[in-house]
Amino acid sequence: MKKIKNIKLSIKQQKYLILFSIFIMMLILNFLTPLIADDYSYSFGLENKRITNIIDIILKQADHYMKWGGRTVAHTIANFFLMYSKYFFNVANSLIYTLLVYLIYEHSRSSEKEKPLFIILIHFGLYFLTPVFGQTCIWLIGSCNYLWTTTIMLSFLLMYKERANKNDRLPLIIGMFFLGIVSGWTNENTAFGLIIITLLSTIIYKKKNKIQRYKLSGLIGLIIGFIIMIIAPGNYVRSKEFVDKTPLIIKLIERTINCTIGIIEYIPVLVVITVILITIYIYQKKKIDNRVFIFLLGAFFTIYATVLSPIFPERSWFGIVVFMLIAITTLAINLEDIHKIYKYILIDLSIITAFFYIGDYLILVKDIYQLKSTWDYRINLIETGKKEGQKDFEFYTYNSENKKSPVYGLADLSDKPHSWPNDAIELYYKISSVKAKKE
């Protein structure tokens, strides 16, 4: 028998294998996740009719803009997917997550040399360090608001990299203007941070001391999109729900303090890693890439932009985590150039983290499977009951303490029929009432 030769993958093959593995792992989590909470509400357009076409989406978003909020891009994406079987979203969402990981990797690279190890580390960083991973990367509505919008932003931002200098042709100038509008019309605090990053990148990465027109048009479009989102009448309608007669200056001080406490509560690991890596560069007298400071400033402004908002939910930290991961990866990806020992440290870190990831991932799969089983049971009981003439249903509530679960922190069933989210579930399954059983 001939001796079987060792199979050795090329660097590009390793990269594609890693990205495919990440896609499969996310696909499993997405397929196990049923429709939950706001997914039912956003399935309906005007007059509580199911959204079935693009016209329904346009009318719904026009109404939403006037009565609730300005995140038209995110909710248009959500409405689109809710017209179809969730299987479609499951595949698309897994692809978008994989694309986000790759975009973070691309933003962090300063040369053409591939280092696929960092793709794994970026995925681990998102998985472990995002405050509510399931809400922002698996839950349908949450993913459209955070994962999808952040991916749009990073795609736009690729054109502002040092290596991205393009010819100022009219189609590119026009295309960047409209892509800028879409990118700015996404998510309030993250889009504000994106404006800072784009502005700094435009100034720093000039071509022959001249700002390129496509970068300028993109920046103008970005600001216009942001303004369109912020001035939505629905924002002011919704703000009336938060009655607070505290003097403005006191509110701003309190919110600034809360933002600072949030740094300690939600991203301490990212801050520590950043400080350690910058210290290594300073100690070794190595130049720090400008992108590190650009993205750190973007993260800083993304955090403190929320002082203008009465609430700062955990999922709003998603864009901050992404910006900081780009800064950290930019520092770490060049550590090998400082000393070869850092390469082996990073390999060891990847192996150790992988062990924790496998265990945690399996726990999460089990948790989401229980969520799926709960909803499969409910839906089966509803469909069977409807055939027998039953119109009113009661179920025990389902909650998860796993912060990576898509259902963590979201409303399940209320014990009051016709209240949210029961009313949307009643409409969706065409029943008279549904409520939570008393424990």
(message) Can you pull out every residue in the range 286-307 that is surrounded by fewer than 20 Cβ atoms within 10 Å (Cβ to Cβ) and of a type in the set (D, E, K, R)?
(response) Lys286, Lys287, Asp289
(message) Looking at the range 344-357, can you tell me whether even one residue there is surrounded by 14 or more Cβ atoms within 10 Å (Cβ to Cβ) and part of a loop (DSSP other than H, G, I, E, B)?
(response) no
(request) Report the residue count in the range 400-423 for those that are under 24 Å from Val132 (Cα atoms) and either hydrophobic (A, V, I, L, M, F, W, C) or loosely packed, with under 14 Cβ neighbours inside 10 Å (or both). (result) 6
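For the range 162-188: of the residues being in a loop (DSSP other than H, G, I, E, B) and free of Cβ contacts under 8 Å to residues at least 60 places away in the same chain, which is surrounded by the fewest Cβ atoms within 10 Å (Cβ to Cβ)? So that I can check it myself, show each step before the final result.
First, the residues of the range 162-188 that are in a loop (DSSP other than H, G, I, E, B): 165-169, 185-187.
Right, trim to free of Cβ contacts under 8 Å to residues at least 60 places away in the same chain and you get 165-169.
Numbers: Asn165: 16, Lys166: 13, Asn167: 8, Asp168: 15, Arg169: 11.
The extreme case among them is Asn167.
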(message) Can you tell me which of (1) free of Cβ contacts under 8 Å to residues at least 12 places away in the same chain; (2) surrounded by 22 or more Cβ atoms within 10 Å (Cβ to Cβ); (3) not small (Gly, Ala, Ser) is the one Phe88 doesn't meet?
(response) (2)
(request) Could you figure out which of (1) over 26 Å from Phe44 (Cβ atoms); (2) out of contact with any helix residue (DSSP H, G or I) (no Cβ under 6 Å at 6 or more places or on another chain); (3) assigned to a loop (DSSP other than H, G, I, E, B) isn't true of Lys404? (result) (2)
(request) Please work out if Ile278 is part of a helix (DSSP H, G or I), among the aliphatic types (A, V, I, L, M) and in contact (Cβ under 8 Å) with a residue 40 or more places away in the chain. (result) yes
(request) Working only within the range 339-378, note down all residues that are under 17 Å from Pro406 (Cβ atoms), over 23 Å from the mean Cα position of the chain (by Cα) and in contact (Cβ under 8 Å) with a residue 60 or more places away in the chain. (result) Trp375, Asp376
(request) Only residues that are polar (S, T, N, Q) and within 25 Å of Ile24 (Cα to Cα): list them for the range 80-112, please. (result) Ser85, Asn90, Asn93, Ser94, Thr98, Ser108
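How many of the residues in the range 407-439 are of a type outside the set (D, E, K, R) and either in contact with a Phe, Trp or Tyr (Cβ under 8 Å, 6 or more places away or on another chain) or assigned to a helix (DSSP H, G or I) (or both)?
Here the count works out to 16.
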(message) Go through the range 409-432 and report how many residues are touching a helix residue (DSSP H, G or I) at 6+ places or on another chain (Cβ under 6 Å) and hydroxyl-bearing (Ser, Thr, Tyr).
(response) 3
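Rule-based calculations on the coordinates, nothing more; no lab input. Values in this document were obtained by computation on a predicted structure and should not be read as measured data. FYI the Cβ positions are ideal-geometry reconstructions off the backbone, even for glycines, and counts take in every protein chain you see.
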